[in-house]
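All remarks here apply to the structure that follows.
The values are calculated or read from the model by the stated rules, or taken from the named source; none is laboratory data. Computed from a predicted structure; not experimentally measured. Don't worry about glycine lacking a Cβ; one is built from the backbone with ideal geometry, like all the others, and counts go over all protein chains shown.
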Amino acid sequence: MKQEVLNRGQFTFYASYFNAVEKLPKSRRYEVLQGIIRFALYGEEPELKGAALGVFESIRPHLTAGRDKAAWRLRRNTAAAAEPADFLSAVHSTVRM
């Protein structure tokens, strides 16, 4: 079964991510930052190698947890938004005027 990818409009960027990326050579920082951002917002897997991949892999669990939490909140809010309409239609179907 193919998993639907959640596109997000925001994510939390922690100082620890910045500190980890800062340890890379300047020439590698941009690609890691792009990888972090694209993974966090769109679920895109970055094509990184070497130390850049190592930095990303150390951050990935936090990004994945954030994506999972956002997906859970979306499902919860979608279900909660549907409940009032379901409740009202149940009431209307049982009440006769």
Identify all residues within segment 46-69 that are surrounded by 11 or more Cβ atoms within 10 Å (Cβ to Cβ), touching a helix residue (DSSP H, G or I) at 6+ places or on another chain (Cβ under 9 Å) and among the charged types (D, E, K, R); write none if there are none. ARG60, ARG67
Looking at segment 6-22, I want the residues that are within 18 Å of LEU48 (Cβ to Cβ) and have a partner that is among the small types (Gly, Ala, Ser) and modelled with pLDDT of 95 or more with Cβ atoms under 8 Å, at least 6 apart or on another chain. Which pairs are those? ALA20/SER58
Qualifying positions in segment 40-55 - modelled with pLDDT under 95 and either within 12 Å of PHE13 (Cα to Cα) or among the aliphatic types (A, V, I, L, M) (or both): ALA40, LEU41
Provide a single number: the residues in segment 15-42 that are under 23 Å from ALA71 (Cβ atoms), touching a helix residue (DSSP H, G or I) at 6+ places or on another chain (Cβ under 7 Å) and not β-branched (Val, Ile, Thr). 4
If I filter segment 56-96 down to residues being within 15 Å of ILE36 (Cα to Cα) and among the basic types (Lys, Arg), which single residue comes out as modelled with the highest pLDDT? ARG60
